[in-house]
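Report on one structure; see the data block that follows.
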Amino acid sequence: MAYGGCSFAVLGLLAVTAVVGGGGWVVTRILQAPVIESTRFTREDGVRAQQKIVDLALHQRRRDPVLLTEAEVNAFVSRHLDPAELPVGEPVIRLRDNDTLEIIGTVALGRLVRESPVAALADILPRWWLARPVWLSIAARAATSSERRPVLRLEPRRLLIGRQRVPAFVLRLLFEPSSLRLMRIALPPEVQTVRIERGRVIIQQATSPPSRT
């Protein structure tokens with residue numbers, strides 16, 4: 001209950017600030033941009049990533065792991081995914097150790113408000129506030145699970161709005177489920193595990209065909 005109140009308080013504070021013209025330390029931190037490490041990638045990075053993913057989708061079995069570099073991941077996300085499929089705009093993805101990745105990007109304040117349980121605040125906030133971009137930084141841990149087919153789950157572990165840290169589960173309060181569908185990625189049946197190390201994704205395929213039972 002306390003954590004849920006935190007998310008409501010954050011958005012409520014934004015509304016109050018907009019209406020009365022006040023300010024506060026929390027609001028200031030929410031509206032600040034985080035420190036972002038620059039990422040470089042080329043068109044060729046995107047082409048290589050796309051080909052590796054297509055090979056997996058076409059069930060091209062390989063004994064050696066399929067490796068995706070951080071540059072390839074960023075190029076694929078930026079160049080080959082529909083922006084509507086992503087929870088944030090202008091995404092930067094960082095691959096860390098211990099199966100952890102960071103997703104950093106912007107989202108319009110109006111979208112956060114409208115998709116959250118406090119959508120009524122959209123009628124209070126001025127349009128220029130609703131159009132204002134807010135930075136989100138999501139740290140998630142990747143885990144491969146087996147259901148009818150392998151699934152890569154990205155479980156949020158840390159969430160920052162601007163530079164203000166809030167409980168990680170607030171992410172699911174701020175977005176509709178459809179906006180977070182990439183946090184659960186269906187994998188080809190041949191994929192056994194997906195691991196993340198600093199700077200790369202390692203996709204290991206099963207050495208024998210998956211059971212059809």
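Read the figures in this text as sums done on the coordinates, not as results from a lab. A quick note: this is a predicted structure, and the numbers were derived from the prediction, not measured. As a convention, Cβ positions derive from the backbone with ideal geometry for all residues, glycine included, and neighbour counts pool all protein chains shown.
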Worksheet item: What is the extension gain from R149 to L58, computed as 0.36 nm multiplied by their sequence separation minus the C-alpha to C-alpha distance, in nm to one decimal?
Response: 31.3 nm
Worksheet, complete the sentence: Hull volume per residue for the stretch 71-189, using the convex hull of the C-alpha atoms, in Å³ is 122 Å³
Worksheet item: Which residue, chosen from G199, G105, A71, occupies the Cα position most advanced towards the positive end of the dipole of the stretch 2-205, where the dipole is computed from +1 (Lys, Arg) and -1 (Asp, Glu) charges on Cβ about the Cα centre?
Response: G199
Worksheet item: the stretch 2-205: percent of C-alpha pairs farther apart than 22 Å?
Response: 52 percent
Worksheet entry | Protection proxy ranking of 108-114, 46-52, 163-169 - average other beta-carbon atoms within 10 Å, highest first | 108-114, 46-52, 163-169
